[in-house]
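Structure, as structure tokens:
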Amino acid sequence: MTVDIATLREEAFQLVGRFITRADPGRLEEWATLGLTMTQLRALFLLRAEPALPAGGLAERLGITPSTLTRVVDRLVRHDLIERVPDADDRRLVRHYLSTRGADVVESIERSGRQRMNELFSRLDDAQLARLVEALRDVNAAGDALESELSGVAV
């Protein structure tokens with residue numbers, strides 16, 4: 001039996017959507033109660049991974065314009081989720097950091113997502129989990145290659 005690649009891609013697309021919907025409702029619910037946009041949420045997680053980003057670096061990594069970033073950051077500052085701190089060596093630069101509350105929010109969202117994922121993964125046997133990890137490595141490698149091609153940087 002020959003498998004049509006378009007059919008496989010469509011099934012993969014559908015399965016990824018179902019997986020995300022099933023695997024992460026707690027994190028999505030917690031995020032929704034905060035009233036944050038996806039870009040604001042991404043900014044929080046990005047600043048946890050890369051603290052002290054200046055506005056230009058933050059806008060670039062989020063894929064938004066500097067004027068959009070200003071609105072995003074203003075709202076996060078108003079909600080005491082991030083802090084703007086002038087750079088000690090170059091006062092023209094402003095660095096962005098998670099506030100204590102912002103770090104707590106990110107940790108809480110991640111903890112609820114991890115708990116749900118642990119529940120889901122515990123239902124797989126060792127061989128199934130190993131296959132999943134191998135497939136996810138392949139998908140991430142393909143994603144890295146695609147991002148590299150799009151940015152013009154070799155991996």
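Probing with 1.4 Å while keeping every protein chain in the model, the per residue accessible area of the stretch 21-155 equals 67 Å². Which residue fluctuates most in the GNM of the chain (Cα springs below 10 Å): 70, 33, 100? So, out of 70, 33, 100, the one fluctuating most is 33.
Going by alpha carbons, how many degrees (0 to 90, nearest 10) lie between the helix axis of 25-34 and the longest principal axis of the chain? The angle comes out near 20 degrees. Given +1 at the Cβ of Lys and Arg, -1 at the Cβ of Asp and Glu and no other charges, the dipole of the chain around its Cα centre is 540 debye to the nearest 20. Using a Gaussian network model of the chain in which every pair of alpha carbons under 10 angstrom is joined by a spring, one finds that among 98, 34, 132 the greatest mean-square fluctuation is at 132. Annotation: peptides 2-9, 56-63, ranked by per-residue average of other Cβ atoms within 10 Å with the highest first, follow the order 56-63, 2-9.
Counting protein heavy atoms only, the stretch 1-126 has 55 percent of its accessible area on carbon and sulfur, 1.4 angstrom probe.
The values are calculated or read from the model by the stated rules, or taken from the named source; none is laboratory data. Quick caveat, the model's predicted, so the values are computed rather than measured. Counting neighbours? That spans all protein chains shown, and the Cβs are built from the backbone with ideal geometry, glycine included. Areas reflect the complete protein model, heavy atoms only, side chains present, ligands, DNA and RNA absent. Shrake-Rupley method; radii C 1.70, N 1.55, O 1.52, S 1.80 Å.
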